[in-house]
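Below: the structure, in structure tokens.
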Amino acid sequence: MAGLAADFLNLHLKNPLVLASGILGTSPSLMARCALAGAGGITSKSCGPEPRAGHDNPVALAWQGGVINAIGLTNPGAQEEVSLLHETRDRLKTLGVPLFASIFAPTLEQFGEVARVIADAEPNLIEVNISCPNVASEFGTPFSATAEMAAAVTREVRRAVSLPISIKLAPNVPMIGDLTHAVAEEGADAITAVNTMPAMLIDAYAGRPVLKNRTGGLSGPALKPIALRCVAEIASRVSLPIIGTGGVSTGIDAAEMIMAGATLVGVGSAVWEDGPAVFARIANELTGFMVETGYSQLGEMRGRAMR
Amino acid sequence: MSRQGLFDAYRVSQVRVENDRTRTLVFESPLPESYPGQYVMAWLPGIGEKPFSISGNDPLALTVADVGPVSHALSLVRPGERVWMRGPLGKGYELISQSHLLVGGGYGAAPLSLLARQARTIGHSVTVVLGAKTRDDLMMVAAFEELGCAIYLTTEDGSAGVRGLVTDVIEQACMEQHQGCIYACGPTGMLTAVGKAAQLLELPAQLSFEALIRCGVGLCGSCELPEDLCLTLGISPGFLVCHDGPVARVN
């Protein structure tokens, strides 16, 4: 019998499927709904130092290759968020599902401050979002752009908290292996790869970009091959566990992500098609694939495609 | 959904005045595969995008109350001009039984007018309760009359119909005619009261909620119904108005 149980850091997940950050926000009831629907882990939407309304509509569109979005880091601010995370963690705990809390900040110092505030809620992991593609006009170049900046944020957060931290990387960097190595050197416990790909859709009849923010982050099926390449390269450079995220919408996609080297698999845009029921479907498909092909546990698949 | 969720441009053929601040935009073409209670995201390039329940689907019609920047710009659109749409989105009303009670508060009458048309076309009996602040705020009364619906009116100031709220006449409307289900659209406070009234009358209800809809595809979580409201009405918590709704089934 094929088992989906996944060991990740000091955690034991019933399956490797994790709600990706940014999907369904931060409310305890929605996070619990995803856990009840079968997610093995939950990542809350990125929270920063101050409340943010986010961008104006249109903020997201489904298109032939998946989804493009520029929500704009909508969040209630760390002080408000920490009580939501407390409640979410408690609800998830009764379901045996770990909580990963995503954070972002406009400056290096504030990354440490937000991490310290959020650590009060005792999430199982802090995911450090240094790669949101939709706020460059306010915050400047994302910290994920260079190994030096990514390493500096990691150092700052590492100094601030003792909880496990995962650094969420961008797909659009030339040497993601070198960047990951620098992040690992500064004490990251895990890597989340990847964020959405900066992109733009134009409506020819309207003669302008469809998103109010003009550009957005591309996710869904079009992102999958990009994410697989990044995860494979990261796995070849560091031994840290990877939350492989990008375009996974079927059990086969999840198997591919694990074969590239991922320990856990993020699921985001796929929620668009089925709602939270997508977790049970992908888990069933993954089990079906493992039975069909003779794998009894996830570890047998991990990194297989790169050996 | 045409072009898989991207926008399609629709040209306005006619603009109907419903009341002082409300217009119905009738478009040249239909919205394929849509049904009452569903909505579209209407986009005016350079201005913004906002959700609207459909008040007609063949041809497409949207009823727009001038309450904010996007709806204001839409209320100024003239015949021949274009509005971009993505949709139909969400889950709408489903006619159950043969006799229906429709309850609309203010511009909540708009999606119900399409539902009434659908029900009357197949010979079902329809009773409509319309409520508003004043006589001038009532909408689409003539349209429901033309469809052959039995009509009850309420206004908060008593300038038309019964002075009071829609919930003050629901029980009477149910006693005078056997109703199989209540279908409502309006402000959240009204919907909560209608949902509770339906529980007392032991009738199923379908309530169409208004919310801040951003992504429209169930991803961003902005439009979640408050959990205490869900628990009050027996709706599964974590209800996303854009994707699970806008119509929530209770009882």
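Observations
- Springs between Cα atoms under 10 Å define the GNM used for chain A, and in it the highest mean-square fluctuation of A:Ala204, A:Ala232, A:Ala193 occurs at A:Ala204.
- Between the stretch B:181-251 and the stretch B:125-143, the Cα center-to-center distance that results, in Å: 21
- Cross-link reach list, aspartates and glutamates versus A:Lys212, counting only Cα pairs under 16 Å and skipping chain neighbours closer than eight places: A:Asp56, A:Glu138, A:Asp203, B:Glu49
- Taking only the Cα atoms of chain A, the radius of gyration and Dmax are 17.8, 55 Å.
- Restraint check, A:Lys93/B:Lys50; B:Lys50/B:Lys133; A:Lys45/B:Lys50, Cα-Cα greater than 32 Å: A:Lys93/B:Lys50
- Stretchable slack from B:Val67 to B:Gln14, in nm (0.36 nm times residue separation minus alpha-carbon distance): 17.0 nm
- Calculated diffusion of the stretch B:99-250, Stokes-Einstein form, Kirkwood radius summed over Cα pairs, 37 °C and 0.692 mPa s, µm²/s: 210
- Chain A: most fluctuating residue of A:Ala151, A:Ala206, A:Ala227 per GNM, C-alpha cutoff 10 Å: A:Ala206
- Kirkwood hydrodynamic radius computed over the stretch B:174-214 comes to 10.9 Å, based on all pairs of distinct alpha carbons.
- Computed from protein heavy atoms with a 1.4 Å probe, the total accessible area buried between B and A is close to 2600 Å².
- Computed label-point distance, nm, for sites B:Asp228 and A:Ala206 using a 7 Å Cα→Cβ extension: 3.7
- As computed over the protein assembly as shown, the Cα convex hull volume per residue (Å³): 149
- For the stretch A:290-307, backbone phi angles converted through the Karplus equation (6.51, -1.76, 1.60; θ = phi - 60°) give residue-by-residue couplings of 5, 5, 4, 9, x, 8, 9, 8, 4, x, 5, 8, 4, x, 4, 5, 9, 7 Hz, Gly and Pro being listed as x.
- Heavy-atom accessible surface of the stretch B:95-142: percent carbon and sulfur, 1.4 Å: 51
- Here the label points at A:Leu95 and B:Asp157, each 7 Å from Cα along the C-beta direction, are separated by 4.9 nm in the simple model.
- Comparing B:Gln179, B:Gln38, B:Gln206 in a Gaussian network model of chain B (Cα springs below 10 Å), the most mobile by mean-square fluctuation is B:Gln179.
- Extension gain (nm, one decimal) between B:Arg21 and B:Ile122, 0.36 nm per residue minus Cα-Cα: 33.1 nm
- Counted over chain A, the DSSP beta bridges are approximately 40% antiparallel.
- Set against the 2.2 N^0.38 Å expectation for a compact globular protein, the stretch B:2-89 has a Cα radius of gyration ratio of 0.96.
The values are calculated or read from the model by the stated rules, or taken from the named source; none is laboratory data. This structure is a prediction, so every number in the text was calculated from the model and none was measured. We place every Cβ from the backbone using ideal geometry, glycine too, and count neighbours over all the protein chains shown. Only protein heavy atoms, including side chains, enter the accessible area calculation; ligands, DNA and RNA are left aside. Shrake-Rupley method; radii C 1.70, N 1.55, O 1.52, S 1.80 Å.
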